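One structure is given here, and the rest of the page talks about it.
None of the figures in this text is laboratory data; all of them are computed from the coordinates on show. Only a predicted model underlies this, so the values are computations on that prediction, with no experimental measurement involved. Using ideal geometry, Cβ is built from the backbone for each residue, glycine included, and neighbour counts are taken over all protein chains shown.
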Amino acid sequence: MNEVRIRNVKFGDLKAFIKAYQDAYKGLEQYAYTKTKDIKSYFKWLLRRDSNGFFVCEIDSRQIGFVACDANWFSRYENSFVAEIHELFVARKFQRRGIGSSLLRTALNYGTSKQRNLAELWVGVTNYGVIEFYKRHGFAAKEISWDKWLRMVRKL
């Protein structure tokens, strides 16, 4: 039986983050960092923004998905602090198994624990499957920015 565990990210998860990120964004490069050095910088930025809201899902000690929820984010659209989901991805081999949903629930619970009333995220406008995923989890589509990103929100 496979042991599934969600825990906080540590700096030592950097290599696994890069590998899973590159795998998850295959075919969606217009919405992703493509250079390893940029992905590494992004990981460090996520860790600095809110390390307590940065989670990894492991199956048998293998890191296969990540979510970064930033409870210190001030949304200029909402004019308040929100639980900003900066990132959520699962390696392709492990998608459609409920792992993304588990990671999202973990992030939303974290936002609630930090007394945030709203979760916010941005998703690529042509990433239709992911948009539907977020809608199934109670997110509503808002405005489009830079002709590329759709903002979505959900009450907590």
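Observations on the structure shown:
- For the residues Val56, Val125, Val82, a GNM of the chain with alpha-carbon springs under 10 Å puts the largest fluctuation on Val125.
- The modelled label-to-label distance between Thr112 and Glu78, using points 7 Å beyond Cα along the C-beta direction, is 1.5 nm.
- Label-to-label distance, nm, for residues given as Asp60 and Thr34 (7 Å Cα→Cβ offset): 3.4
- Full extension of the chain segment joining Lys26 with Lys142 gains 39.2 nm, where the gain is 0.36 nm per residue of separation less the Cα-Cα distance.
- Per-residue Karplus couplings for the stretch 5-12, computed as 6.51 cos²θ - 1.76 cosθ + 1.60 with θ equal to phi - 60°, are listed in order as 9, 10, 9, 5, 6, 10, 4, x Hz, Gly and Pro entered as x.
- For the stretch 94-141 and the stretch 1-58, distance of Cα centres in Å: 16
- Summed side-chain charge close to Arg105 - residues other than Arg105 whose Cβ falls under 13 Å, Lys, Arg +1, Asp, Glu -1: +2
- Spatially close lysines, pair count over the chain: Cα under 13 Å, gap of eight or more or interchain: 11
- Projecting the alpha carbon convex hull of the chain along each direction and taking the average yields 8.8 nm².
- Paramagnetic reach from Lys135 in the stretch 100-124 [backbone N under 14 Å; point 7 Å along Cα→Cβ]: none
- Residue-averaged [θ]222 nm for the chain, counting only DSSP H segments that reach four residues, each worth -39500 (n - 2.57): -10000 deg cm²/dmol
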